[in-house]
C-alpha cells in the first residue's frame, strides 16, 4: 500500500517505498538530503534529485571519492606507461640486472687489482717485501669493497668514499 504522499512518513515507510533500508534513509536525513519531518512527496523529490545528481557525477562525498579513485588509477596507469617507455628506451633496467652488472664489474676490477703486487715486483725490484705486502693489503681492501657493492651502496651518500680517501691519505703519510 502506498502511503499518503502529502503527509510525513517514517523512515521505514519511505525505505519500503523506494527500496532502501531504514539505515540508508537515516543516513540521507543525517546528510540533509532528506529534511526530517517533511512530507513523503518532498522526500521522494529530494531522493530522486539526489539520485540524478549521483548519475550526473554530482554525487557529493561518494562522487568525490569515485573521482579521486579514478584520478589515482589514471596516474598509476600513466606511471606504468612511463616506466614501460623508459625500459624500451633503455633508460631503466630491473634491479637484479643492475646488481649482476655491478657484480661482474667488481669481479673484473678485482682480477686487475690482484695483478698489481706482482707487476710492481717485476717493474720495481727495489721494493721490499714489506712494501709489496702493504700494496697487497690496500689492493685486498679495494677488492673487498668492490666485491661487496650493492645497489643500496650506489644510492648511499659519499661518506664511504670520503673514508676511503682518508685511508689513502693515511697510507701516504706512513
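What follows draws every value from the coordinates through simple rules; no lab data is involved. What you see is a predicted model, and the numbers here were worked out from it, not measured in a lab. Note that each Cβ is placed from the backbone with ideal geometry, even for glycine, and that neighbours are counted across all protein chains shown.
Once the Cβ-Cβ distance between residue 54 and residue 74 is put in as r, and R0 is 25 Å, what FRET efficiency do you end up with, to the nearest 0.05?
Numbers: r = 21 Å, r/R0 = 0.83.
FRET efficiency, residue 54 to residue 74: 0.75.
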When the convex hull of the C-alpha atoms of the stretch 1-144 is computed, what volume per residue in Å³ does it have?
193 Å³
Provide the gained length on full extension for the span residue 30 to residue 93, in nm with one decimal, where the gain is 0.36 nm per separating residue minus the Cα-Cα distance.
17.4 nm
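Sort 138, 9, 87 so that the residue with the fewest other Cβ atoms within 10 Å of its own Cβ comes first and the one with the most comes last. Kindly include the intermediate steps, with their values, before the conclusion.
On the way: 138 16, 9 20, 87 12.
If I rank by nearby Cβ atoms, fewest first, I get 87, 138, 9.
Can you compute the equivalent ellipsoid semi-axes for the stretch 5-46, i.e. the square root of 5 times each eigenvalue of the Cα gyration tensor, sorted largest first and rounded to whole Å? Show your work: numbers first, answer last.
Values: eigenvalues 36, 28, 13 Å².
Ellipsoid half-lengths, sorted descending, are 13, 12, 8 Å.
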